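The values are calculated or read from the model by the stated rules, or taken from the named source; none is laboratory data. Just so we're clear, the structure is a prediction, and the values are computed from it rather than from any experiment. Cβ placement follows ideal geometry from the backbone for every residue including glycine, while neighbour counts extend to all protein chains displayed. For accessibility, only protein heavy atoms count, side chains too; no ligands or nucleic acids. Shrake-Rupley method; radii C 1.70, N 1.55, O 1.52, S 1.80 Å.
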Amino acid sequence: MAKYIFISGGVMSGIGKGITTSSIGKILQNKGFEITAVKIDPYVNVDAGTMNPIEHGEIFVTVDGTECDQDIGNYERFLNVNLTTANYITTGRVYQAVIKRERNLEYRGKCVEVVPHIPEEIISRINKVAKKTKADFVLIEIGGTVGEYQNLLFLEAARMMKLSSPKDVLFILVSYLPVPKMIGEMKTKPTQHAVRSLNMAGIQPDIILARSQNPVDKPRKRKISIFCNMAKDDVISAPDVESIYEVPVNFEKENLGNRILKKFGLNQRNNKLKDWENLVKTIKTVKKKVRIGIVGKYFETGKFTLMDSYISVIEAVKHACWFHKRKPEIVWLSAGKYDPTKLPDGNRKAKKNLEEKLKNLDGIIIPGGFGSRGVEGKIKAIEFCRKNKIPFFGLCFGMQLAVIEFARNVCGLKKANSTEFSKNCEVPVIDIIPEQKALLKEKKYGGTMRLGAYKCKIKPKTISFRAYKGSETSERHRHRYELNNSFREALEAKGMVMAGINPERDLVEIIELKNHPFFIGTQFHPEFQSRPLNPHPLYREFIKACLKK
Ligand code: GLN
């Protein structure tokens, strides 16, 4: 029988519920338990695929092709497992299923109501994950903040589960204790209110993880204990840390793992965190830097810069840097700023600005993207990397733009472009995948891209072959466009190597250039499969090349 741990958040968003959930999973996993984790997003969207990354953050893709929240990526990285579509629940998914069942007469003439039918559907989904994975612990992170309207039905489902199986369900509240500058003291009141909100939903937290800039001291623990009706030791200090990978180690310092086991009436167990502790040591001690530029466009929101849209790319870079015992330094280049077609004084100034920036970097990544904004700036960056032998790594869109750059500037096909942003393009070196055309015509946008893991055959004697140490791999995708095979010969004649091919569809998955320290583009997103203790082979080789620069 699985045990269920619900994790919800208090006070405000962005306090690290996802990392907390992943870290709780990690410490229990290191005690020898099987763990799975479910992310509940209260939005009405069926999945994250139709949302703008600036709005939502990265859209993570599972092996089976679900476009979901970046927290699924965090769980995968911490737990070193592949999760599937069942591990992701949204309001949209729940209602869609209930309405479909109603239309099929499966409620046998009953009036279908928000309560209990919606929570029942949520519970059945959580139970299905437990059954499918046979996990000892199912962690369920409820998105949003307690007290808001959106996640009430999910809290109701959690309450109902506790009611029917009190010994198998635990509630953890991740809360925040601010230290206002003008007072200089850590305040517990917002957390007290968060607990009240949870109480109103019929839930009493078993454990509070008290997030703050500093460790939570005894007087604060006592206060929370009295006002929130719980034991002092159930208030766990969770101060800000340098690296997210430190969180499980810190939790274990507070004996969180055994505390959870005790709550479930299970025997105490030792944990094996050694490898993880060594990783944290590396993260905290490495000094020599590698400077990696990421040319993207999904990070400006008002006066703030958010990196959320590229989280898997950032993590994959970090994993590879730590493997080589280097400290990653990521430099953000906003593609729009370098787009020569968008600047009043045109090509020269944009080009010069960009080149100044790029010269000081050890390697450049062009990540995934959609639409025309920033494209020409990215193409200029690729041209500079190609000509100046700066290690270049193009991911999906980045690969497509590398093909366009090469076609224009090496093959002399000046009008080369992608039909994604030049509909009647004369030289469509990147073109829509045929089966996608009909889908777009019928406005079937949600969940219809080429998604999830597909096989890739790798050509011997390429950098990719050396990196993967073999001739076959499987990688995750999210795209509608592809390299147009009718231009393959022209590109190859000028030295582009088609290093990876999907055997079923003869679709180019990896391109490489010869006579360059590292110039690789992948149609897939290798970052989704990188793990802290097992960096992705292509990222590993990319960083290796960057070290030589
Ligand atoms: N916009 C491109 C396509 O749909 C690339 C997508 C991506 O980078 N994920 O093919």
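Assorted remarks:
- Of the GluC sites (Glu not before Pro) found in region 498-536, those in coil by DSSP whose Cβ has at most 10 other Cβ atoms within 10 Å are 504.
- Helix axis angle, 218-228 relative to the chain longest principal axis, alpha carbon, degrees: 70 degrees
- Measuring only protein heavy atoms, the 1.4 Å probe finds residue 269 accessible over about 100 Å².
- The modelled label-to-label distance for the pair residue 101/residue 410, using points 7 Å beyond Cα in the direction of Cβ, is 5.5 nm.
- Helix content alone sets the calculated 222 nm mean residue ellipticity of the chain: runs of n ≥ 4 DSSP H residues at -39500 (n - 2.57) each, divided across all residues, give -11500 deg cm²/dmol.
- For the chain, the percent of C-alpha pairs falling in each 20 Å distance bin, counted from 0 to the bin holding the largest distance, reads 20, 50, 27, 3.
- Inter-part distance where region 249-328 and region 485-504 are each reduced to a Cα centre, Å: 38 Å
- For residue 235, distant residues with modelled amide H under 5 Å away: 208
- Computed from Cα positions, the angle between helix 375-388 and the longest principal axis of the chain comes to roughly 70 degrees.
- 5 angstrom amide H check on residue 12, placed H, neighbours 5+ away: 176
- Computed from label points 7 Å out along Cα-Cβ, the spacing between residue 264 and residue 278 is 2.8 nm.
- Per-residue 3J(HN,Hα) values for region 45-52, derived from phi via the Karplus relation 6.51 cos²θ - 1.76 cosθ + 1.60 with θ = phi - 60°, read 3, 5, 8, 7, x, 9, 8, 6 Hz in sequence order (x marks Gly and Pro).
- Charge tally around residue 3: other residues with Cβ under 13 Å, Lys/Arg +1 each, Asp/Glu -1 each, net +2.
- Packing order of peptides 445-451, 122-128, 164-170, 290-296, highest average first: 290-296, 122-128, 445-451, 164-170 (average count of other Cβ atoms within 10 Å over each peptide's residues).
- Within-12-Å neighbourhood charge of residue 444 [Cβ basis; K, R +1; D, E -1]: +2
- Modelled FRET efficiency - R0 22 Å, residue 533 with residue 359, Cβ distances, 0.05 increments: 0.05
- Using C-alpha pairs below 8 Å separated by at least 6 residues, the relative contact order for the chain is 15 percent.
- Solvent-accessible surface of the chain, taken per residue with a 1.4 Å probe and all protein chains present: 44 Å².
- A Förster distance of 30 Å, applied to the separation of the beta-carbon atoms of residue 387 and residue 54, puts the FRET efficiency at 0.40.
- For residue 103, net neighbour charge (Lys/Arg +1, Asp/Glu -1) across residues whose Cβ lies under 15 Å away: +1
- Ligands, DNA and RNA left out, the accessible area of region 402-549 computed with a 1.4 Å probe is 50% carbon and sulfur.
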